[in-house]
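Participant: The structure under discussion is supplied below as structure tokens; questions concerning it will follow.
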Amino acid sequence: MSLTDFRTLGRSGLVVSPLALGTMTFGSNAWGTDEGLSRTIFNAYRDAGGNFIDTADIYSGGESETLVGRFIAESGTRDDIVLATKFAFNGSTSPLTQTQAGGGNPNAGGAGAKNIHRALDASLKRLRTDYIDLYWMHIWDGVTPVEEIVQTLGDLVRAGKIRYFGLSDMPAWLAMKAATIATERRVPGPIAMQLEYSLVARDVESEHLPAAREGGMGIMPWSPLAGGFLTGKYKRGNTSDTGRLSGANPFGDSKFVDRNWDILDVLQAVADELERPAAQVALAWTLARPGVASTLIGARTVAQLDSNIASTDIRLTAEQMQRLDATSEPTLGFSASLAQPFIRRMIFGGYDVTGWGE
């Protein structure tokens, strides 16, 4: 596999690379890279054959979009690139920008029609383009009706301002309802889900992955290396590394639990067998998961980018996959276990029956 082993995203005709370049690190933020290094990383990804660039309106307070737009314009490759950005967070209160209590405009965030149009127009200007290939709802606001979200984003598809849309960090029921409404009304619907998914974050397998399969949505994992935990740079009993999980960060210290350390031990053992870095094996596992269309990667150096891309060369054996699956098996409730093979064998008289899309 390589970045040019393209696949379609969900049940759509949008063709993307198996690894998407996430640009949260572009610009002035705690994990940021300056313009020169950001440009170098962007060009290295493109030179390797990658076509999928993912940003958001709140990354570095909009600076990430500005840089991405500049780099695309410089390269003259807008038609070659699948450009994705996001809306929903309020710039005055988002934890990814300057946080303040109150004082912001409530209509400058959320999934309502007013904010979607405001956010999209601002993103188009920063990105120097007249359309977005994939527009993500960054997070559900908990109040906007699904019907309004589908109507607004579908109208934007029909108007040509966006080509497709997807949903990120939302309940599985909401994504499935959006897909159903779109099907019943014969209007554009979501083609993808963007979710935290890694060896130490597999809870989405309970509801989100089955919903995605049923609704024709591809899975796009974010943080497949669990904020750097799965690189192996943090050690049990010593978590003082200067990476993203040290100090103030969106994950807190949630990754430093016994279960995750045990998963990391098995991951490192498999990596040693393959004589490859643990991070590459973790990415290879994610790429091999059913339903995963393209996985987000981020990099603060070209070396990190090159190492991530090298993960596409890894082919895990069935035995290695089984070991990684077993040690990271999520705890699911009874209702989520109904589709498991041993339950199916009970239902179908001892036969292994495979469902559609598996």
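Read-outs: derived from the displayed coordinates by stated rules, not from any lab. All figures in this text were calculated on a predicted structure; none of them were measured in a lab. Quick reminder, even Gly has a Cβ in these numbers, built from the backbone with ideal geometry, and neighbours come from all protein chains shown.
Participant: How big is the charge dipole of the chain about its Cα centre, in debye rounded to the nearest 20, if each Lys and Arg gets +1 on its Cβ and each Asp and Glu gets -1 on its Cβ?
Facilitator: So the magnitude is around 580 debye.
Participant: How large is ³J(HN,Hα), in whole Hz, for each residue of the range 145-159 in order, when computed from phi with the Karplus curve 6.51 cos²θ - 1.76 cosθ + 1.60 and θ = phi - 60°, using x for Gly and Pro?
Facilitator: These are the phi-based 3J(HN,Hα) values: x, 4, 4, 5, 5, 5, 4, 5, 5, x, 4, 5, 5, 5, 7 Hz.
Participant: Given H placed on each backbone N at 1.01 Å, which residues far from residue 295 in sequence or on other chains put an amide H within less than 5 Å of it?
Facilitator: 19, 20
Participant: Shifting gears a bit: If packing is taken as the average number of other Cβ atoms within 10 Å across a peptide's residues, how do 271-277, 289-295 rank, most packed first?
Facilitator: Going from most to least packed, we get 289-295, 271-277.
Participant: Amide H to amide H under 5 Å from residue 133: which residues, 5+ apart in sequence or cross-chain, H placed 1.01 Å off N in plane?
Facilitator: 83, 163
Participant: Between residue 222 and residues 5 or more places away or on another chain, which pairs have amide H atoms under 5 Å apart, with H built 1.01 Å from N, and which residues are they?
Facilitator: Amide H neighbours of residue 222, under 5 Å, 5+ apart: 195, 196, 197.
Participant: Residue-wise, which Karplus ³J(HN,Hα) couplings in Hz belong to the range 259-276, taking 6.51 cos²θ - 1.76 cosθ + 1.60, θ = phi - 60°, and x for glycine or proline?
Facilitator: Ordered by residue, 3J(HN,Hα) equals 4, 5, 5, 5, 4, 4, 4, 5, 4, 5, 5, 5, 4, 5, 4, 8, 6, 10 Hz.
Participant: Could you rank the peptides 308-319, 50-61 by their average count of other C-beta atoms within 10 Å per residue, with the highest value first?
Facilitator: 50-61, 308-319
Participant: For the chain, what is the mean residue ellipticity at 222 nm derived from helices alone (per DSSP H run of n ≥ 4: -39500 (n - 2.57); sum divided by total residues; nearest 500 deg cm²/dmol)?
Facilitator: Mean residue ellipticity at 222 nm (helix-derived): -11000 deg cm²/dmol.
Participant: Per-residue HN-Hα couplings for the range 16-21, Karplus 6.51 cos²θ - 1.76 cosθ + 1.60 at θ = phi - 60°, whole Hz, x for Gly and Pro?
Facilitator: With the stated coefficients, the range 16-21 comes to 9, 6, x, 10, 9, 7 Hz.
Participant: Another one. What nm value, rounded to one decimal, do you get for the distance between residue 15 and residue 159 when each label is placed 7 Å out toward the C-beta?
Facilitator: Those two pseudo-labels are separated by 3.0 nm.
Participant: OK, next. Pick the calculated semi-axes √(5λ) of the Cα gyration tensor in Å for this structure from (i) 50, 24, 18; (ii) 54, 18, 16; (iii) 30, 26, 20?
Facilitator: Only one listed value fits the structure, namely (iii).
Participant: Mind checking which of 225, 324, 159 is farthest towards the positive end of the chain's charge dipole, using Cβ charges of +1 (Lys, Arg) and -1 (Asp, Glu) about the Cα centre?
Facilitator: Toward the positive end, the furthest listed residue is 159.
Participant: If we count every other residue with Cβ under 9 angstrom of residue 28's Cβ, Lys/Arg +1 and Asp/Glu -1, where does the sum land?
Facilitator: Spelling it out: positives minus negatives among the neighbours equals -2.
Participant: Testing the spin-label approximation: label points 7 Å from Cα along Cα→Cβ at residue 108 and residue 28. State their distance in nm.
Facilitator: 1.7 nm
Participant: Give me the one-decimal nm value for the distance between modelled label points at residue 128 and residue 187, 7 Å along each residue's Cα-to-Cβ direction.
Facilitator: 3.4 nm
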